[in-house]
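The values are calculated or read from the model by the stated rules, or taken from the named source; none is laboratory data. It should be emphasised that the depicted structure is a prediction, and the values quoted were computed from it without experimental measurement. Using ideal geometry, Cβ is built from the backbone for each residue, glycine included, and neighbour counts are taken over all protein chains shown. Accessible surface areas use protein heavy atoms only, side chains included; no ligands, DNA or RNA. Shrake-Rupley method; radii C 1.70, N 1.55, O 1.52, S 1.80 Å.
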Amino acid sequence: MSAADRTGISSIHGGEGCQLFSPVRLGEIPLANRIVMAPMTRSRAGVNDEPTDHMVEYYRQRATAGLIVTEGTHPSKAGKGYFRTPGIYEPAHLAGWRRVADAVHQEGGHIVLQLMHCGRASVKANKAPEAETVAPSAIRCGVEIPGPDGKRAQADMPRALDTSEVAGVVEEYARAARNARAAGLDGVELHCTSGYLPMQFLSTGTNHRTDPYGGSLQNRIRFVVETLEAMAAAIGPGRVGFRIFPGNPFNDMVDENPAETYGALLRAVDGLGLAYLHLIHAPTPELDSLKLARAHWTGGLIVNNNLDLHRAGALLAAGQVQAVSFARFFISNPDLVERFRRGAPLAVPDRRTFYSGEQTGYIDYPQLEALAGEHHSQG
Ligand SMILES: Cc1cc2nc3c(=O)[nH]c(=O)nc-3n(C[C@H](O)[C@H](O)[C@H](O)COP(=O)(O)O)c2cc1C
């Protein structure tokens with residue numbers, strides 16, 4: 001796809017004085033504007049799961065976002081589910097993330113690391129031979145997971161974590177948070193949705209435990225509450241956020257009563273002083289998760305999902321949220337903030353290179369200035 005093909009698609013325009021461009025503080029993290037880059041797995045990490053030069057460049061190009069939330073990053077070998085996702089537990093990982101953080105900071109941006117332990121959503125071929133696939137209960141994910149060749153294969157049968165092991169997994173997250181800070185990142189976001197380990201504990205379909213981490217509502221939320229507490233103790237609550245999507249069916253997830261589950265979770269962690277809640281909002285007749293969040297969460301709130309400039313501006317203007325996040329627009333518009341500010345056309349991302357392509361479809365989407373130069377030179 002040529003640079004010219006990627007432009008001239010959208011007709012949304014930013015208005016003067018739009019709150020999108022005003023600064024805000026989420027916990028300890030200052031944002032220059034309210035436009036957050038949502039986390040996106042792009043499957044381009046190095047052979048040892050370390051951030052590469054291309055990843056440094058990718059995040060640097062997008063550093064005008066008020067905040068970047070990185071792609072899901074595994075806190076341990078067992079936490080890896082997908083091919084070529086980065087880690088944050090070996091010196092090479094920290095060194096790579098240090099270069100990403102420095103590049104974003106040099107451009108005046110801020111960046112937090114999304115911590116993603118996939119639990120049962122994993123195939124062995126994607127991770128180190130010695131890494132086990134663990135979950136709250138030995139219930140296989142019914143959805144196939146793409147392997148190293150991109151072809152989908154049956155997910156591993158997970159081993160149920162013993163009660164005595166759970167504290168160790170919580171500590172993996174705390175250590176990952178410390179590592180993220182040691183690498184110069186501004187904080188961490190706990191990935192609690194999309195069928196990964198925290199959501200596996202939260203949901204009735206995947207948590208059949210009979211110990212203090214399963215059964216009752218209070219027991220099902222315990223793992224996430226303890227993990228957020230441990231991360232907050234490790235690096236300070238004002239540098240910890242978490243992401244939820246109540247009722248998300250992705251990766252074969254079922255919960256009998258998401259409103260009850262997430263209402264209880266939000267009430268349990270509301271007093272921790274965390275930096276923000278990152279909500280994927282897809283309202284249904286049964287559940288409006290933004291209403292749920294507003295009822296049970298008093299901290300900073302970032303809302304995501306299928307937003308455009310108008311909807312994002314309206315959410316901010318109504319005082320419903322502190323910031324909004326965009327994922328796919330940031331793939332193809334590295335200078336999304338500037339394009340919104342100018343009411344410039346938005347490029348459409350090429351789905352074929354979401355998870356493959358090395359630099360193609362990754363660091364070759366042009367900035368507006370480059371496009372202007374191109375048009376000028378073409379006369
Ligand atoms: C290529 C791709 C990878 C994604 N990877 C992640 C991820 O690692 N962690 C996560 O929480 N969400 C992930 N998401 C979901 C996005 O953060 C976002 O919630 C979703 O795309 C909806 O936002 P949008 O309409 O602005 O694209 C991913 C989305 C895409 C398109």
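Pairs, please: C-beta under 8 Å, at least 6 apart or cross-chain, first residue closer than 25 Å to Ala327 by Cα and in the range 254-280, second part of a strand (DSSP E or B) and hydroxyl-bearing (Ser, Thr, Tyr)?
That search, which allows pairs on different chains as well, returns His278/Ser325.
Identify all residues within the range 71-93 that are over 18 Å from Leu190 (Cα atoms) and of a type in the set (A, V, I, L, M); write none if there are none.
Result: Ala92, single match.
Give just the number: which of (1) open to solvent by 20 Å² or more (accessible area, probe 1.4 Å); (2) modelled with pLDDT of 95 or more does Ile111 not satisfy?
(1)
So, in the range 291-303, how many residues would count as being under 23 Å from Gly187 (Cα atoms) and open to solvent by 20 Å² or more (accessible area, probe 1.4 Å)? Reasoning before the result, please.
Step one: filter the range 291-303 for residues under 23 Å from Gly187 (Cα atoms), giving 293, 297-303.
Next, from what is left, pick out any that are open to solvent by 20 Å² or more (accessible area, probe 1.4 Å): 298-299.
The number of residues fulfilling the criteria is 2.
Which is without any contact (Cβ under 8 Å) to a residue 24 or more places away in the chain and either open to solvent by less than 20 Å² (accessible area, probe 1.4 Å) or charged (D, E, K, R) (or both), of Asp162, Asp156, Asp186?
One residue alone meets the criteria, Asp162.
Which one of Asp308, Asp270, Asp288 is within 13 Å of the ligand (Cβ to nearest atom), open to solvent by 20 Å² or more (accessible area, probe 1.4 Å) and over 18 Å from the mean Cα position of the chain (by Cα)?
Testing whether each residue is within 13 Å of the ligand (Cβ to nearest atom), open to solvent by 20 Å² or more (accessible area, probe 1.4 Å) and over 18 Å from the mean Cα position of the chain (by Cα) leaves just Asp308.
Look through the range 220-242, keep the residues that are closer than 15 Å to Leu265 by Cβ and open to solvent by 30 Å² or more (accessible area, probe 1.4 Å), and return whichever of them is farthest from the chain's Cα centre (by Cα).
Going through the qualifying residues, I end up with Arg222.
Where the second residue is within 11 Å of the ligand (Cβ to nearest atom) and basic (Lys, Arg) and the first is open to solvent by 10 Å² or more (accessible area, probe 1.4 Å) and lies in the range 325-347, which pairs have Cβ atoms under 9 Å and are six or more apart or on separate chains?
Arg328/Arg351
Does Ala101 satisfy being buried (at least 19 other Cβ atoms within 10 Å of the Cβ) and within 16 Å of the ligand (Cβ to nearest atom)?
no
For Val321, which of the numbered conditions (1) more than 9 Å from the ligand (Cβ to nearest atom); (2) closer than 28 Å to Tyr365 by Cα fails to hold?
(2)
In this structure, is Val134 at pLDDT 95 or above and within 29 Å of Glu338 (Cα to Cα)?
When the stated conditions are applied, Val134 does not pass them.
Do you know which residues across the range 348-366 are touching a helix residue (DSSP H, G or I) at 6+ places or on another chain (Cβ under 9 Å) and open to solvent by less than 60 Å² (accessible area, probe 1.4 Å)?
Pro349, Asp350, Thr353, Phe354, Gly361, Tyr362, Ile363, Tyr365, Pro366
Step by step: first the residues of the range 56-87, then only those that are touching a strand residue (DSSP E or B) at 6+ places or on another chain (Cβ under 7 Å) and part of a helix (DSSP H, G or I), then the one that is most open to solvent (accessible area, probe 1.4 Å). Which residue is that?
Across the range 56-87, the extreme among qualifying residues is Ala78.
Filter the range 218-256 down to the residues that are within 16 Å of the ligand (Cβ to nearest atom), hydrophobic (A, V, I, L, M, F, W, C) and not in a helix (DSSP H, G or I) and list them by number.
Hits for the range 218-256 are Val240, Phe242, Ile244, Phe245, Phe250, Met253.
Could you grab me the full set of residues in the range 34-52 that are open to solvent by 10 Å² or more (accessible area, probe 1.4 Å) and either touching a residue at least 12 places away in the same chain (Cβ under 8 Å) or closer than 23 Å to Leu309 by Cβ (or both)?
Those that are open to solvent by 10 Å² or more (accessible area, probe 1.4 Å) and either touching a residue at least 12 places away in the same chain (Cβ under 8 Å) or closer than 23 Å to Leu309 by Cβ (or both): Arg34, Pro39, Met40, Thr41, Ser43, Gly46, Asn48, Asp49, Glu50, Thr52.
Evaluate the following for Asp156: is it part of a helix (DSSP H, G or I) and out of contact with any strand residue (DSSP E or B) (no Cβ under 8 Å at 6 or more places or on another chain)?
No; evaluated as a whole, the condition is false for this residue.
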